[in-house]
Amino acid sequence: MINYIYPEYEIIRNPDKCISCGVCVRQCANEVHENINKTNKVICDDSKCVNCHRCAVLCPTRAIKIVKSGNTYRENANWNCKTIDEIYKQAQSGGVLLSGMGNPENYPVYFDKILLNASQVTNPSIDPLREPMETRVFLGKRPDDIMRESNGKLINNLPPQLPLSMPIMFSAMSYGSISYNAHESLARAAAQLGILYNTGEGGLHEDFSKYGKNTIVQVASGRFGVHVGYLNAGAAVEIKMGQGAKPGIGGHLPGTKIVGDISRTRMIPEGSDAISPAPHHDIYSIEDLRQLVFSLKEATQYKKPVIVKIAAVHNITAIASGIARSGADIIAIDGFRGGTGAAPTRIRDNVGIPIELALASVDKRLRDEGIRRNVSIVVGGSIRSSADIVKAVALGADCVYIGSSALMAMGCHLCRNCHAGRCNWGIATQVPELVKRLNPDIGSKRLVNLLTAWRHEIKEMMGLMGINSIETLKGNRLMLRGVGLNEKELQILGIKHAGE
Amino acid sequence: MKVKSYKWGRHTFKVHLCRKGTSENMKAKGLDFKQLNEQIRACVRVGNKNIKIDDCCGQRFICSGFSAETPTQITINGTPGNALGAYLDGGCTITVNGNAQDAVGDTMNDGKIIIHGNAGDALGYSMRGGSIFVKGDAGYRAGVHAKEYKDKKPVIVIGGKVGSFLGEYLAGGLLIALGSVGGFTGTGMHGGKIYIRTSEPPKNLSAQVIATIAENLDEIRPYIVEFAKHFGANAQEILKAQFYVLKPNAKNPYKQLYVMN
């Protein structure tokens, strides 16, 4: 059948620079480049290119560049190239569109419409290079009251807390969706930085049990790899109710991907499909959720905080209020831009709400109800920079989850083809030759670099606001002003417009 | 079991003093689930192998996450609450002389639960190993997403009626229903087997499931024998009846057709 789709990208090889070394041929798992008939001449098939830049970056003479194809449909404002291509794909296959990474569509990014305050004249700013600045946070439930022995000595009634050196954690990415080396990079970086990474739904590989105190173990609807040893192996247990990229739907890892180690950590036979049902079928209400929370607490003897992760959806405030009363210690909210290894395109691009609005309204609702201290709030769903983190904290978050940014630190070029399993950067793949391209020494180092830099920037931004502790910034919306936002948006965010 | 209580300010704390021995009797009456579970844990810690709980009245999460190094019998007289034996691991056998409530054996990995009565909804949700025997009926969603791995193979035997959605998303293991089943049995199943004692194939099956008359019952025989032993039934009598077996339909698997975008 004729493929109606013209390639999206074009590979331009400069024949004057190309030395026919064959690096591009060997490096591309999508088999774009090819030596013709054992000659030195290399040709390429643009239609296979996903624009991951592996060949362009590794070409020793910089002979390759990849450009967006100049060839275009007769598109208009309503029928753009992407929409037309999608129709061709479905007309050809009859399949549901499947995509990788977060929502790429042109919805407002509220972080980009919020500006930070700075001290001028009336209050001094602080120089973080000279003065101590505190970025440590503790996640968990705060006690209701202070308890004392009859002699006045304090009784430690503090529920379990997660200490973090900075308000950042690596969000859930399962072993299976990303590679062994990617997981090792995350685990090592988390240990070095004094933060946490998250196993996702794929279970915990035995090699990583040594990073236990920097690990969040996840319990999702499929309960893959979940047993009592696993629950006690980490610092906290996360119940995954939903994910920003695909709220309300389950997951399906095909049997072909359940091989070797993946099968062992998920504790399912090789070749069997790993299906995560859309809901947890033991949770149909907040009361049921409470039951799962407490069964996990009993199984871990109240030593581990329990996180409930939900996607940001329309009734997020009421849901969060329920979770805050369910006994959970931490609520993690994933905005509609959250990343994913694979999600149906239509769901990723059309379901959920922006994290900024969800966060602001949840924080307000919990404060209004007097239950904010019942839980810490962690937000994710496209945290792209230290500025996003500072703004999120000022909107009421205790901490953020980063996923896509962490992957990019490890080398991800955002080609958004994670679901294909042929990641040329060794991240979203299980092919051994590709996995070894990501060296965990380098991967973890780059993650440490990124977060160390962000931490410096957070301190700078706190310093210029005259704040020396991240706790003081939390929910401090006076430090925020909106630009180009309407009254309703400002009201939901709980901030004033710039100039007010 | 002795409970020593003392005051700290306005708060009263209880410390459970468990005698070291091979058996321990305790009264659940008036205890909340945290206290009761802490008591049971204290007994298992000192190596008691036979623990009896009287007057159980809805306390939840009993034996949640339990595993014992040596075989330990836990007998519950009364009605344990939801999530009995959740995440149960090896070494523990729980016997309930009464009815159990919802989510018995949730995500259970090993061990055994024997219920001399009825069980509630979501029995054995997502269990990976071990076995559950119910003398009477079970509610909706029994054995949803049970799965097997290597030597672990979960088994649920239900003597009476079962509600709808038995074995939904079943990925592995054996579910055996000796009484009638509700609708939508095995929807989305992609592994495992469901045996139903019936002369008629169950109604409302989805296209992902095929039901055939079981030609032989060798696979379920040991579990039926064990069921009969626990509840004083006649195994031969049960095995004489006709069983239907439900398996995933290889021609119409549970999956979505995707196209890379």
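The values are calculated or read from the model by the stated rules, or taken from the named source; none is laboratory data. Everything numeric here is computed off the predicted structure, so don't read it as measured data. Cβ: placed from backbone, ideal geometry, glycine included. Neighbour counts: every protein chain shown.
Scanning the stretch B:120-135 for residues that are hydrophobic (A, V, I, L, M, F, W, C) and either assigned to a strand (DSSP E or B) or at the interface with another protein chain (Cβ under 8 Å from one of its Cβ atoms) (or both) turns up B:A122, B:I132, B:F133, B:V134.
Among helices (runs of 4 or more DSSP H) entirely within the stretch A:23-119, having at least 2 residues that are of a type in the set (D, E, K, R) singles out A:81-93.
Taken as a whole, the condition of being modelled with pLDDT under 95, within 14 Å of chain B (Cβ to nearest Cβ), surrounded by fewer than 23 Cβ atoms within 10 Å (Cβ to Cβ) and over 24 Å from B:A103 (Cα atoms) does not apply to A:P277. Under the condition of being within 11 Å of chain A (Cβ to nearest Cβ) and not in a loop (DSSP other than H, G, I, E, B), the residues counted in the stretch B:136-170 number 2. If you go through the stretch A:473-500 one residue at a time, how many are β-branched (V, I, T) and either outside any helix (DSSP H, G or I) or at pLDDT below 95 (or both)? Within the stretch A:473-500, residues that are β-branched (V, I, T) and either outside any helix (DSSP H, G or I) or at pLDDT below 95 (or both) number 2.
With respect to A:R223, determine if the residue is free of Cβ contacts under 8 Å to residues at least 12 places away in the same chain and within 11 Å of another protein chain (Cβ to nearest Cβ). Yes, satisfied. Here B:S64 fulfils each of the conditions (1) within 18 Å of the chain's Cα centre (by Cα); (2) of a type outside the set (D, E); (3) within 14 Å of chain A (Cβ to nearest Cβ); (4) surrounded by fewer than 17 Cβ atoms within 10 Å (Cβ to Cβ) apart from (4). Looking at A:G203, is it at positive phi, assigned by TED's automatic domain parsing to the domain that holds A:V435 and at pLDDT 95 or above? So A:G203 fails the test. Before we move on, is B:N77 touching a strand residue (DSSP E or B) at 6+ places or on another chain (Cβ under 6 Å), among the polar types (S, T, N, Q) and more than 8 Å from every other protein chain (Cβ to nearest Cβ)? Spelling it out, B:N77 is indeed touching a strand residue (DSSP E or B) at 6+ places or on another chain (Cβ under 6 Å), among the polar types (S, T, N, Q) and more than 8 Å from every other protein chain (Cβ to nearest Cβ).
Before we move on, is B:V104 at pLDDT 95 or above, crowded, with 22+ Cβ neighbours inside 10 Å and more than 10 Å from every other protein chain (Cβ to nearest Cβ)? Yes; evaluated as a whole, the condition is true for this residue. The residue pairs whose first member lies in the stretch A:407-419 and is assigned to a helix (DSSP H, G or I), whose second member is charged (D, E, K, R), and whose beta carbons are closer than 8 Å, counting only pairs six or more residues apart or on different chains, are A:A409/A:R446. Taking the numbered list (1) in contact (Cβ under 8 Å) with a residue 24 or more places away in the chain; (2) assigned to a helix (DSSP H, G or I); (3) farther than 24 Å from A:G381 by Cα in turn, A:D288 passes all entries but (1).
The residue of the stretch A:235-253 that is surrounded by the fewest Cβ atoms within 10 Å (Cβ to Cβ), among those that are in a loop (DSSP other than H, G, I, E, B) and within 14 Å of another protein chain (Cβ to nearest Cβ), is A:G250.
Results for (1) surrounded by fewer than 15 Cβ atoms within 10 Å (Cβ to Cβ); (2) of a type in the set (V, I, T); (3) outside the structural domain of A:S469 (by TED's automatic domain parsing); (4) without any contact (Cβ under 8 Å) to a residue 40 or more places away in the chain, shown as yes or no for each residue.
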| site | (1), (2), (3), (4) |
| --- | --- |
| A:K68 | yes, no, yes, no |
| A:A77 | yes, no, yes, yes |
| A:K113 | no, no, yes, no |
| A:L116 | no, no, yes, no |
| A:E131 | yes, no, yes, no |
